[in-house]
Amino acid sequence: MLAGLVAWAVQFTVIYGATSTLCGRGWVGATMLGVGNVQAIILAATLAALAVTALALAWSLRLYGQAGDRAAPADRFMSQTGALINGFSLLVILWHGIPAFILPACA
Amino acid sequence: MGKGRAAGQESCQCGGEAEFAFWRPVAGCFAGTKSHGQAYPFSACKTHVGQMDLEATWRDAPRRLRAATARAAAFACVLSLMGCSGVQSALDPAGGDARQIYWLTVIMTVGGTLIFLFVTGLLLYAIFAPPERRAWLGSRRTIVYGGLAFPIVILSALLPYGLIVMRDTDVPMPDALPIEVIGEQYWWRVKYPVEGGKPEFATANELVVPVGRPVTVSVTSADVIHSFWIPNFGGKIDMIPGRINRLNFTAERPGIYRGVCAEFCGDQHARMAFDMVALEPAAFEAWRAAQAKPAQDPDAPHLARGRELFRIAGCGSCHVVRGTEGNGAFGPDLTHVGSRRTIGAGQFPNNIGTLAGWIANTQHIKPGVRMPSYGSFTGEDLRALAGYLESLK
Ligand SMILES: [Cu+2]
């Protein structure tokens, strides 16, 4: 149920950490395959987090589907909340990745 | 209904029939203060809210709405007269950056208002519509589309839009004209550094830029934190002691604008402004060449007397007048003070009268500035001194 949030937290830490370290140390010039290294790291972290969250979302949706009308109220609540949280995490991770591709890395 | 209404009127002693409406007990209870000249006792709140007369409120609503609309329209009118065009208005952008910020503001404000009105409408509908007609509001479909999909789409569009505005405003340009501005209590020291073989010089309370050429203003402060803001050209930028911040913009049309200090910095913060003049490139170069020259020598006896008084009174210990003994770096550079539009950091039009008034009454017209009043000059001397300053074109 919390997989999405954890993935978001990890993505958050990685992109903030990487951006400030690289910018602070002046290691920004390096590129990988024509993409700035900051952008590359953010892209990788974002895609990884998205993948994990998408899996978690699929799983919680399945749980939600299984927990039909006959399931205990607590189970239904948990599966619903799980799907919601994972859905939101997916969106937020995406939003978090966008700025790197619009703004300069170290402004 | 009749009974509750009568009781309400009695105990609150409101004047006419129109005075009693649903908002009165509510407003009275929140504020607990006088409205329409009569105290509203807290003890009455409970009863009055209980007596809130919905029917009368409905009956009264159209009139109330009309009055409110008229008031709002009048207010908007006044506002637009005051703020929508002018020398110091973010609503009248004169540069590309300011225009982008302006449109961002318009879209956010108008969009936000429309969404607010729509949601308020739905809220009222949910409260007042008959149950069978408002049932759809609680359906899963409404919640998923209106409550989830709609905000997600709007926010997903606004995020990149806002980021793009951020990326495209305040961008440093390689061939920009460098200008340095230092905030001091309560005026602006302005320096034009050496650039392309043209000599450096200093002026004050005035920023002159060429139209069409990017400008980079580097700002800092000599004392407390100030903030540099020319609404027609872009955002604010803090002036922080020991730190240099930069603001980049390009003026697109010639004109006279006004900048202000946008961070409270002391008693005279409100009187800390400056003129910003955007000139055609040729006029700008002429201005720059003139400013770099030393001060003009007086060409009349009373002006020479003025220069002598300037020296005797010790003005030169705080003010630079290039080409004379005056070399004090504490106050504004006065070498070409006569060419400026205003004095006192954008406070008074610049002429012999205001100059004399400033010298004789400094602490009276801008109390707390770091220049003493010189109240003991004779009228003739004061005229000579002010005339001398005015002649420093
Ligand atoms: Cu200030």
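The values are calculated or read from the model by the stated rules, or taken from the named source; none is laboratory data. The structure displayed is predicted, hence computed values, not measured ones. Every residue, glycine among them, receives a Cβ derived from its backbone with ideal geometry; neighbour counts consider all protein chains shown. Keep in mind that these areas ignore ligands, DNA and RNA; they rest on the heavy atoms of the full protein, side chains included. Shrake-Rupley method; radii C 1.70, N 1.55, O 1.52, S 1.80 Å.
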Please compute the contact order of the stretch B:301-391 in relative form: average sequence separation of alpha-carbon pairs under 8 Å and at least six residues apart, divided by the residue count, as a percent.
32
Order by accessible surface, 1.4 Å probe, largest leading, for residues B:226, B:319, A:96, B:364 comes to B:364, A:96, B:319, B:226
Helix A:37-66: inclination vs chain A longest Cα principal axis, degrees, rounded to 10, gives 0
Which log10 I(q)/I(0) values, to two decimals, does the stretch A:3-101 give at q = 0.14, 0.16, 0.20 Å⁻¹ under the Debye formula with one point per Cα?
-0.58, -0.68, -0.89
Output the 0 to 90 degree angle, nearest 10, between the alpha-carbon long axis of helix A:73-97 and the longest principal axis computed from the alpha carbons of chain A.
20
Using protein heavy atoms only (no ligands, DNA or RNA), what is the total accessible area buried between A and B, 1.4 Å probe, nearest 100 Å²?
900
Which value in nm describes the separation of the simple spin-label points at residue B:139 and residue B:327, placed 7 Å from the Cα toward the beta carbon?
8.6
Can you give me the long-range amide H partners of residue B:221? Hydrogens built in the peptide plane at 1.01 Å from N, cutoff under 5 Å, separation of 5 or more residues or another chain.
B:183, B:240, B:242, B:243
Please go through the stretch B:233-323 and write out the chymotrypsin sites (Phe, Trp or Tyr not before Pro) that DSSP classes as loop and that have at most 14 other C-beta atoms within 10 Å.
B:264
Ordering B:362, B:342 by how much accessible area each has at a 1.4 Å probe, largest first, what is the list?
B:342, B:362
Note, residue B:98: beta-carbon cut-off 13 Å, +1 each Lys/Arg, -1 each Asp/Glu, net -2
Between residue B:156 and residue B:224, with labels modelled 7 Å along Cα→Cβ, what's the label distance in nm to one decimal, could you check?
4.8
With no solvent term and unit scatterers on the alpha-carbon positions of the stretch B:301-391, Debye gives log₁₀ I(q)/I(0) at q = 0.13, 0.20 Å⁻¹ of -0.36, -0.95
Relative to the present Cα-Cα distance, how much length would full extension add between residue B:393 and residue B:129 at 0.36 nm per residue of separation?
87.7 nm
Would you compute, from DSSP H runs of 4+ residues alone, the mean residue ellipticity of chain A at 222 nm, taking -39500 (n - 2.57) per run and dividing by the full residue count, rounded to the nearest 500?
-26000 deg cm²/dmol
What residues from the stretch B:143-186 fall in the zone where the backbone N is under 19 Å from a label point 7 Å along the Cα-to-C-beta line of residue B:107?
B:150-171
Against the longest alpha carbon principal axis of chain A, how many degrees, from 0 to 90 and to the nearest 10, is the axis of helix A:3-25 turned?
10
For a 20 Å ceiling on Cα separation, which of these pairs sit above it: B:293/B:393; B:236/B:366; B:293/B:366; B:191/B:293?
B:236/B:366; B:293/B:366
Rounded to the nearest 0.05, what FRET efficiency do residue A:75 and residue B:122 give with R0 = 56 Å and r taken as the Cβ-Cβ distance? Could you check?
0.95
Cβ-Cβ cut-off under 11 Å around residue B:369, Lys and Arg +1, Asp and Glu -1: the net charge is +1
Mind checking which aspartates and glutamates have their C-alpha under 17 Å from residue B:198, skipping anything on the same chain fewer than 8 residues away?
B:175, B:180, B:285
What is the gain in length, in nm to one decimal, between residue A:16 and residue A:62 on full extension, counting 0.36 nm per residue of separation less the C-alpha to C-alpha distance?
13.3 nm
Plugging the Cβ-Cβ distance of residue B:165 and residue B:373 into 1/(1 + (r/R0)^6) at R0 = 41 Å yields, to the nearest 0.05, a FRET efficiency of 0.30
